[in-house]
Each structure stands twice: as C-alpha cells, then as structure tokens.
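Worksheet: one structure, shown below.
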Amino acid sequence: MARQEDMQIIEEKVTKSNGEVLYKRYSKGRLLGKGGFASVYEIISQDSKVLSAVKMMDKSALTKGRARQKLMSEVKIHKSLSHTNIVKFEHFFEDNDYVYIILEICTNQTLSDLLRRRKRLTELEIQCYLLQVLSALKYLHSHRVIHRDIKLGNIFLSDKMEIKMGDFGLATKLEFDGERKRTICGTPNYIAPEILDGRFGHSYEVDIWSFGVLMYTMLIGKPPFETSDVKTTYRRIRMNAYSFPESVQISAESKDLIERILIIDPTARPSLTEIGQHGFFAKNLIPKLMPTSTLAVPPTPVYMRQFEKNPSLRPLSRGRDISVGKSPRSNSHKDTDRSTGKKNESNRPTSRERASSRDKAYSGSHSGSATKKNATASNYILTTEGPKIWIKKWVDYSAKYGVGYALSNGCTGVYFNDTTKIISDRDGTIFQYFSRRDRSAEETFVEYSLGNFPAEMQKKVTLLMHFRKHLTIEDLVETYENPLTHVKKWISTSHAMIFRLSNKVVQVHFTDKSELMLCSTNKIVVYVNKNGEISTYALATAMENNNKEMTKRLKYTKEILTTMLQNPAQSRNLAKNE
Ligand SMILES: Nc1ncnc2c1ncn2[C@@H]1O[C@H](COP(=O)(O)OP(=O)(O)OP(=O)(O)O)[C@@H](O)[C@H]1O
C-alpha cells in the first residue's frame with residue numbers, strides 16, 4: 001500500500017454510465033493537520049486547478065463495522081448541507097487503501113489555533129465569530145441536524161476570515177423533532193450534562209450548551225469545567241461548577257449570556273434566536289469579518305472604536321499622538337443582520353469606493369495616465385532564506401504623486417512625494433498612514449478603516465485604491481505583522497530602482513531586470529539574475545564571491561545606500577542629476 005506521506009498524486013477512478021473508465025487526478029500538497037482517524041492535506045484538482053482540503057482515512061483503520069458506519073453517516077449528513085458558515089463538502093471517493101473526503105479549504109486554521117496564539121479574544125471578535133456560529137447552528141437545527149461536537153477545534157476560518165463549521169463525525173439527524181438521542185458523544189470539556197446523565201436522552205440543546213462553553217473559552221482563555229482528569233471534569237459539569245476568574249475583566253452582558261446558557265436543565269436554556277437577541281450582541285455594532293491581522297494581534301483601539309454605538313468625540317491616538325477625525329463619507333448605510341434578516345443601522349467597514357463628485361474629478365485627472373504607465377514586476381519567488389515580504393509590482397508615478405506598489409502578502413501601498421506613506425491590508429478593509437508632524441519629528445502611524453477616515457485624506461485614499469485595483473497579484477504569502485510592512489524610502493537612478501522596506505529588506509531592481517535583495521535580519525543577500533535564476537549568499541562574504549555580475553551590483557547598491565542615508569528626508573529620482 002502506498003504510504004500516505006509518499007503519495008504525490010491521488011487518482012480517482014470514475015466509471016461513466018456507458019462503462020467507460022476515466023481518471024481524475026489531484027496533486028497532493030502539504031499536511032494541514034491530523035485528527036483521530038484522518039490526515040488532512042492540501043489538494044489541487046489537475047483539471048480545474050481548484051485548491052481544496054482532502055481528508056484521507058486509512059481503510060485498515062475503518063475495518064470495524066461501527067467506524068465505517070460512522071464515517072458513512074458523517075458523509076451523508078455533511079453532503080446534504082449548504083451554508084456559508086459550514087465547511088463545504090465537495091466530493092467523496094475511495095480506492096483500495098483510502099477513503100477521501102474533499103472539502104472546502106480553510107487556510108486560516110481553527111479557532112483553537114487562533115486562541116493558542118492569542119490566549120484570549122476581544123468581545124468584538126467573539127461577537128463577530130459567534131454570530132456566524134449561531135447562523136450555522138440555526139441552519140443545522142432547522143434541518144434537524146445536531147452537531148454534537150461544537151468546540152474551538154471544529155470551527156475553521158477561511159482565507160477571508162469567515163467562520164466555517166466542520167467535522168460532522170458526531171452529528172446526527174433526527175427523524176422527527178421530538179426524538180431523543182441516547183448515544184454518549186462529544187468532547188469532554190464541551191459535553192452537555194444531559195448527555196452524561198443519559199436517562200432522558202438529548203436533543204438540540206446540547207449544541208447550545210457547547211456554544212456557551214465556546215463563548216466562555218474565547219473570553220476567559222480556558223474552558224469553564226477544565227481539570228486535569230476527565231472524571232473530575234464530568235463531575236464539575238454535572239454540578240455546573242464553574243466560575244469567572246477575577247483576573248479577567250469581562251462585560252456584564254457577556255457574563256449574563258453565559259450564565260443563561262450554562263444551565264443543567266436543557267429546557268431552561270435560551271433558544272438560538274433568544275441568544276441572537278441578547279444584549280451581548282446589541283451593545284455595539286459588529287463587523288462582518290475580522291481583519292487578518294487579528295490572527296496574530298488583537299484589533300487596534302482605533303479599529304474597535306468604529307463599532308461603538310455612541311462614539312465620543314474624543315480623538316484617539318495610537319503610538320505618538322495623531323488625532324483621528326471623521327470622514328464626510330463615514331458610513332451610516334444599512335446592513336442586513338445575518339441571523340435575523342432584519343435591517344439594522346451599521347457603520348461596518350467597507351472596502352467599497354464610494355467617491356463623491358469631488359473625488360471623481362480628482363481620480364479622473366490622474367487615473368488615465370497612471371494606468372497607462374506600466375508596472376514593473378519582481379522575478380523573485382519565495383525561498384526559504386530570502387524575504388517573505390517583498391515588492392511584487394510597482395509603478396513610479398512620482399512625477400505627480402508618488403510610487404505605488406503591491407507586496408507579496410497582498411498589501412498595497414503608496415509612498416507619496418510629501419514622504420507620507422499609506423498601506424492597506426490584504427483585504428483592503430483597513431489601512432495605516434505614516435507621517436511626521438514636522439521634518440525633524442519622529443514618524444508615527446495611525447490605523448483607519450476604509451469606511452472611516454479623516455476627510456483631508458480623501459485624495460491619498462483614492463490613490464491607494466487606484467493602485468490597489470491596478471496592481472493585482474497572485475500567490476499571496478501569508479504573513480501577519482503590525483505595523484504593516486511598507487516602503488520607507490526609495491531612490492531611482494539610471495541603473496536601478498532601490499527600495500528600503502520597513503522589514504529591513506533592501507530591494508533593488510536593475511534596468512537589465514536583475515534584482516538584489518539584502519535582508520539585514522538574517523544577513524542574507526538574494527540575487528535574481530536577468531533570467532530569473534535565484535542564488536543566495538551570506539551578506540558578510542557576498543563580495544568575495546566569484547559571481548562577478550552579482551558583486552558588481554552589490555557594490556553599486558552599497559554606494560547608493562550611502563547616498564540614501566546622507567539624505568534621510570526625501571526619496572527621489574537621482575537619474576536627472578547623474
Ligand atoms: N477544511 C479544512 N481546511 C483546512 N484544514 C483542515 C480542514 N479540515 C481539517 N483540517 C485540519 O486537519 C485537522 C484534522 O481534521 P479533522 O478534525 O476533521 O479530523 P478528525 O480525524 O475528524 O479529527 P478529530 O479526531 O478531532 O475528530 C484539523 O484539526 C485541521 O487542522
């Protein structure tokens with residue numbers, strides 16, 4: 001039998017109705033994770049080029065009747081579901097050795113991985129995620145499906161940061177609404193007391209209990225009944241023995257909701273609709289999706305402030321003091337509440353450009369010529385030692401406004417002629433603006449959402465959006481950093497364009513299309529010759545190398561960097577003076 005790890009291609013034998021046999025091929029990629037029975041890998045269909053996840057199960061582990069029967073029940077239930085907050089079941093097939101389930105891929109892992117990195121989440125994030133979990137649960141229960149294993153590790157995040165509920169291995173479908181289930185199942189920390197009791201069976205309310213455990217865990221950082229052994233955990237669940245640690249400050253609304261849900265008597269727990277209407281979800285506006293930066297760091301106070309229902313007029317600052325005003329187009333558009341279908345007032349961030357006539361006139365004056373100017377693209381591709389974030393494309397529009405660029409992580413930025421800098425995140429939901437109060441002052445930055453920023457920044461934001469639209473890139477590299485990596489300085493000469501990035505990378509594009517990357521954090525030089533061949537050197541000894549082409553360019557770069565350091569304030573085009 002082919003070992004799972006060694007298989008590069010997965011073949012699916014398809015027998016057509018006329019008896020003709022076809023083979024669908026998939027390329028197997030990296031391991032995404034392992035569960036009790038399954039290993040999950042990235043997979044690309046060779047026909048459609050669609051990237052998915054494949055859950056592979058060794059058939060020898062499925063020999064016992066029950067295991068196979070359980071798998072078949074998982075497939076049958078999952079296949080029948082279609083909801084934006086549920087991992088999409090794409091396909092199922094088997095060969096002699098394995099069973100394969102092809103699923104929608106969730107590139108941002110699970111809420112369990114998120115909590116491991118972040119320890120605890122903010123209430124804004126919890127509201128955003130739980131509303132989506134509620135929506136998935138409403139869908140499941142209305143189709144008579146009980147999930148029975150709601151936990152952080154079974155809630156995935158898509159590349160857009162959308163919640164996707166997965167793992168239907170313990171799910172069950174009721175024949176009729178009043179049916180009671182008797183199988184003991186669930187994950188110890190999240191299991192409902194009526195499942196442990198077993199006398200009266202259980203129903204939909206077990207998912208509501210687990211929802212309460214989920215909320216507590218995200219808020220406090222560990223599950224409410226957790227102990228070092230399962231028996232004690234079960235005893236505590238039966239006695240409903242949990243408390244809120246004083247060391248963690250939480251709102252009265254969140255505590256109240258958890259206390260209403262974690263109740264021994266299942267009939268006394270609130271319904272999904274009642275949970276959605278609880279004050280916890282009404283105290284502020286709730287973003288539809290969180291920005292990807294929150295995978296690593298909490299949302300910034302400036303970001304969170306836009307969701308306050310009655311924002312005070314107090315200007316907020318981050319880092320050193322820069323006040324944040326309100327844009328004339330700060331939104332008060334209507335949004336539809338996912339769970340209730342009702343319209344509610346919201347000022348959720350939006351990446352839509354809703355330019356006023358003034359903006360249009362402005363963009364009209366520059367956009368034509370800016371798009372005519374061709375972008376330059378880098379030939380560097382991700383290497384193990386080289387930079388993870390680099391400029392993939394750029395346009396020198398400094399004759400009028402500045403230099404626009406797209407980074408390998410999907411962020412778009414502009415270095416303006418007045419030395420201010422702007423950089424949007426990958427999704428275009430937020431941007432950071434870097435400036436100095438005066439020439440001698442230190443640079444500071446402020447984060448805004450695309451839906452809410454000071455009116456005086458309108459022109460700069462319009463330009464940013466313009467570059468974002470035209471400098472599209474593929475094959476994004478996932479990275480999380482704050483502040484966002486951006487161009488700190490550039491210089492253009494008759495031989496090269498040189499960028500200094502805030503991640504301590506110097507990136508040089510020579511006119512003959514060769515490139516150099518100097519990474520000072522790991523002291524590496526990457527050279528991409530004009531044919532796109534990549535070689536890597538240690539920075540300290542790179543000059544002693546016999547690659548003459550490279551050493552010549554490195555020497556030139558060092559000279560230009562010295563010039564750059566001597567003129568700290570302004571980025572410019574030196575070609576005219578040469
Ligand atoms: N759709 C997906 N996209 C990305 N990663 C996934 C996906 N499904 C599963 N994974 C990864 O694979 C791991 C194992 O998957 P899963 O939990 O479904 O397997 P399992 O054998 O049913 O696990 P368990 O024993 O926890 O029930 C997950 O923790 C996750 O890291």
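Every number in this text was worked out from the coordinates using simple rules, so none of it is lab data. All values derive from a computational prediction rather than experimental measurement. Because the Cβ atoms are built from the backbone with ideal geometry, glycine has one as well, and the counts that use them run over all protein chains shown.
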Ordering of 408-415, 175-182, 453-460 by burial proxy (mean other Cβ atoms within 10 Å per residue, highest first): 408-415, 453-460, 175-182
The chain: angle of helix 230-239 to the longest principal axis, Cα-based, in degrees nearest 10: 70
Rg/Rg_globular for the range 376-566, with Rg_globular taken as 2.2 N^0.38 Å and Rg from C-alpha atoms: 1.03
For K393, residues with placed amide H under 5 Å, excluding near neighbours: S378, A406
Stokes-Einstein D (µm²/s) once Rh is taken as the Kirkwood radius of the range 65-121 over alpha-carbon pairs, at 25 °C in 0.890 mPa s: 180
Debye log10 I(q)/I(0) at q = 0.28 Å⁻¹ for the range 108-177, Cα point scatterers: -1.34
Degrees, to the nearest 10: 65-79 long Cα axis against longest axis of the chain: 60
Using alpha-carbon coordinates, inclination of helix 123-142 to the longest axis of the chain, degrees: 40
Per-residue [θ]222 nm for the chain (sum of -39500 (n - 2.57) over DSSP H runs n ≥ 4, rounded to 500): -7500 deg cm²/dmol
Which of K488, K160 has the fewest Cβ neighbours within 10 Å, and the rest in rising order: K160, K488
Rg and Dmax [Cα atoms of the chain; Å; Rg one decimal, Dmax integer]: 27.6, 88
Positive-end extreme of charge dipole, the range 156-271 - chosen from Y204, P188, T172 (charges on Cβ): P188
The range 109-287: translational diffusion in µm²/s, Stokes-Einstein, Kirkwood Rh over Cα pairs, 37 °C, 0.692 mPa s: 199
Distance histogram for the range 1-81 (every C-alpha pair counted, 5 angstrom bins, percent rounded to whole numbers): 3, 12, 18, 20, 23, 17, 5, 1
